[in-house]
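What follows is one structure encoded as structure tokens, with my remarks underneath.
The values are calculated or read from the model by the stated rules, or taken from the named source; none is laboratory data. Quick caveat: nothing in here was measured; it's all calculated off a predicted structure. Cβ coordinates were reconstructed from backbone atoms using ideal geometry, including for glycine residues, and neighbour counts include every protein chain displayed.
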Amino acid sequence: MTSDEFRRLLEPDVRKLIDEHRQDDPSGFAMRFHGRDGIPARAIAEQIACGRKAAKKLPGLVKRPLVYTALSLEQASGERTAAFKAGLLEGERILDMSGGLGIDAFFFSRRFREVVYCERDEVLAAIAAHNFRELGASTVDVRQGDGVRALETFPDDHFDWIYLDPARRERGRRSVALEAASPNAVALHDLLLRKAGNFCVKASPVLETGGLREKLPSLYEVLVVSVDGECKEVLLLSGRGSRREAPVRSRAVCLRSGCEPFVVSGEAGGFAVPLADAPGEFFYEPDPAIIKARLTPVLARRLGFRFINRGSDYLTSPEEAADFPGRSFRLLEALPYKPKTVKKFLESRGITGASVQRRDFPLSPEEIRRKFRLKESDAVYLFFTRDAGGGLLCICCTRPRSSASV
């Protein structure tokens, strides 16, 4: 988006046009209004498209006449994760070093007396400033420019927290490495702790969480956040009070619609859980945040569950868990994986379609589908994995209290 397009989007007539065509196809709108004098058709089409995405990602904020860009909205925190983070970090002052659309900074402004927002992109900083005004976030100090240079202008110990949501690009390609991100928390580690007692890095959801203290010596907790079963963020919390000899804590927070957050914490992979001799009546796959944080053993110990095998996070129990954080299934059959045996079983049950999942199994779901000519269906779930002894295993399940039957 150009500066001129942004200014035009704030004009009352243009805002009215956006509201009137909110339900239009964005591409169709752009084609229909292209070339008309006085109408920034491309920018309006972008607002129409972004408005639909924002309705899901930012349901409470979208009611205000906010401005977006497609990329900044894609990279922004969702409303639920932003609100969670604002409750996680406490203090008087916080610096958001790479503010983007400003969603995190807005939620921080509800908890901190002073929020400094930095953004290199001039247009995006102007958009965020507009959005802060529309949202009534008067305590956010908008600084357009490089976040590192801005940080250097503040005295030591000025902030309680510094928050980094860095751009994860390396040579034009998306990267998950901390060192490839900008700002680079690894290179800035000592500077960050001079200016604030603590800092938080929002890392890629696919970042490998082991061995991070070698890069961030003050790291004391790795926190993985999911929303309705989808892993959204990995947060790295560092502080001056971190003791190098103390293990890095892990925490998984599962934010679920209509339910209280489910939290599992402990030392990742801290202890083993006994294996099941055979799968029980109920079969479980933990929430991705728990798996990512490597806290399935902690969850299993809490619930009294057993692992199906040592190489996956599949769990089993003779009884159903009332509030399991993840997916629960009722087991119909568990049989050793032999193609002829599995084929005969599927034919005997009349199963021609299923949801196919696999962990620690040599064939991909696509290869399994082709092999047994299975269509997509959520009436039956087929899990391909190994048993406690390492043998290949096929587990057939349905969802508890489901109307599906075979």
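Checking each residue in the range 321-341 for being within 16 Å of Phe262 (Cβ to Cβ) and assigned to a loop (DSSP other than H, G, I, E, B) picks out Ala321, Ala322, Asp323, Phe324, Pro325.
If only residues of the range 153-178 that are crowded, with 20+ Cβ neighbours inside 10 Å and modelled with pLDDT of 95 or more are counted, the one that is farthest from Ser109 (Cα to Cα) is Leu164.
Does Pro205 satisfy the criteria of being assigned to a loop (DSSP other than H, G, I, E, B), touching a residue at least 24 places away in the same chain (Cβ under 8 Å) and in contact with a Cys (Cβ under 7 Å, 6 or more places away or on another chain)? For Pro205, the condition - assigned to a loop (DSSP other than H, G, I, E, B), touching a residue at least 24 places away in the same chain (Cβ under 8 Å) and in contact with a Cys (Cβ under 7 Å, 6 or more places away or on another chain) - is met. The residue that is nearest to Glu376 (Cα to Cα), counting only those in the range 342-354 that are β-branched (Val, Ile, Thr) and not in a helix (DSSP H, G or I), is Thr352.
Picking from residues in the range 179-201 that are in contact (Cβ under 8 Å) with a residue 60 or more places away in the chain and farther than 22 Å from Phe84 by Cβ, the one that is surrounded by the most Cβ atoms within 10 Å (Cβ to Cβ) is Pro183. Total residues in the range 258-274 satisfying the condition of being free of Cβ contacts under 8 Å to residues at least 12 places away in the same chain and either more than 18 Å from Lys57 (Cα to Cα) or surrounded by 14 or more Cβ atoms within 10 Å (Cβ to Cβ) (or both): the figure is 1.
Given the criterion more than 30 Å from Ala43 (Cβ to Cβ) and hydrophobic (A, V, I, L, M, F, W, C), identify the matching residue among Val140, Val123, Val186. Quick ask: steps written out before the conclusion?
Details: Val140 fails: more than 30 Å from Ala43 (Cβ to Cβ); Val123 fails: more than 30 Å from Ala43 (Cβ to Cβ).
Step by step, each of Val140, Val123, Val186 is checked, and only Val186 is more than 30 Å from Ala43 (Cβ to Cβ) and hydrophobic (A, V, I, L, M, F, W, C).
A single entry from Leu315, Leu335 fulfils the requirement of being surrounded by fewer than 20 Cβ atoms within 10 Å (Cβ to Cβ) and either at positive phi or not charged (D, E, K, R) (or both): Leu335. Give the residues of the range 136-158 that are of a type in the set (A, V, I, L, M) and either farther than 26 Å from Asp4 by Cα or within 24 Å of the chain's Cα centre (by Cα) (or both), sorted by residue number. Within the range 136-158, Val148, Ala150, Leu151 qualify. Would you check if Glu233 is free of Cβ contacts under 8 Å to residues at least 12 places away in the same chain and under 19 Å from the mean Cα position of the chain (by Cα)? Spelling it out, it is not the case that Glu233 is free of Cβ contacts under 8 Å to residues at least 12 places away in the same chain and under 19 Å from the mean Cα position of the chain (by Cα). For the range 202-257, the set of residues classified as within 20 Å of Ser98 (Cβ to Cβ), surrounded by fewer than 22 Cβ atoms within 10 Å (Cβ to Cβ) and of a type in the set (Val, Ile, Thr) consists of Val206 only.
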